[in-house]
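Encoded as structure tokens, the structure appears first; notes follow it.
The values are calculated or read from the model by the stated rules, or taken from the named source; none is laboratory data. None of these values were measured; they are calculated from a predicted model. Every residue, glycine among them, receives a Cβ derived from its backbone with ideal geometry; neighbour counts consider all protein chains shown.
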């Protein structure tokens, strides 16, 4: 019997098992009305990895202050970026999923999920549950690892996988700043502007984090919260969010052939009164203008898709601050969205 089975296997090839790729981003309200924005903010900010204080303190802060009072303002901001198809973050994400699927071919199945709201992590993972997939690659779409983003997303994935009877081989991409095509994609987009010679200086703005979260993640108490400990990127600080941001900048400027005096690194989106990682963009922008720099190009490489934090916060609010202090031109570099080199980067990460 074994002899006949071996003959059959030799001449009748087994069907290839498919491989799964799950792209995950932070999330977005289901609409730009205040009710849906409030629901999104509550889910997002009640995550203990995002606001890492006591459960009671977090509940009072989010439900008593942030969600009720910030939702109407945030809803107005979302209305500025909302498209006919919906939230830009979701629209770009769905197109990215489609483009990657086309590149990967039939051997792979690509799905998109959001850490908060829809499509949920659970619904995205359902595509792969008990379907005989050989492997599953999880790619949180945050270039730099942070507990509040990548860590929270992986935790949500693991929570769902813990209910599965069959768990395929797993690969988790915890950060991808060292993938050459990631920095190449940003450099290619930025060079379209920089090579026109219309700009004098480049600002690299990253989403900020409270300093306490950086200190909590410090390996062997290495973190000193200053430029010196972020000057090089190595095993001791490979998961330090701030060090990853500095390394990201080094990789992009190397491909753009920039000198140290041609760019500045800073951090945006500070919330509350606690100390966040520095330098703050709110301090950097006026100083640039006051030094006589009139024309600035701005990157936001902690985001792979344009969203509220890029289009409105960087593209409008800090532009207004720059012009108010004597600047003349402030140009936001669009995010990776569905840039071909970015899609190729995801192909490399998936395979």
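Observations on the model:
- Lone qualifier among 241, 193 - being buried (at least 20 other Cβ atoms within 10 Å of the Cβ), closer than 28 Å to residue 254 by Cβ and either touching a residue at least 40 places away in the same chain (Cβ under 8 Å) or not assigned by TED's automatic domain parsing to the domain that holds residue 254 (or both): 241
Per-residue answers, yes or no, for (1) out of contact with any strand residue (DSSP E or B) (no Cβ under 6 Å at 6 or more places or on another chain); (2) over 21 Å from residue 334 (Cβ atoms); (3) in a loop (DSSP other than H, G, I, E, B):
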residue	(1), (2), (3)
197	yes, no, yes
232	yes, yes, yes
239	yes, yes, yes
249	no, no, no
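- Flag if residue 186 is in the same structural domain as residue 319 (by TED's automatic domain parsing), outside any helix (DSSP H, G or I) and in contact with a helix residue (DSSP H, G or I) (Cβ under 9 Å, 6 or more places away or on another chain): no
- Where a residue in the range 55-67 is within 18 Å of residue 274 (Cβ to Cβ) and assigned by TED's automatic domain parsing to the domain that holds residue 43 and its partner, wherever it lies, is at pLDDT 95 or above and in a helix (DSSP H, G or I), with Cβ under 7 Å and at least six apart: 62/42; 62/45; 66/41; 66/45
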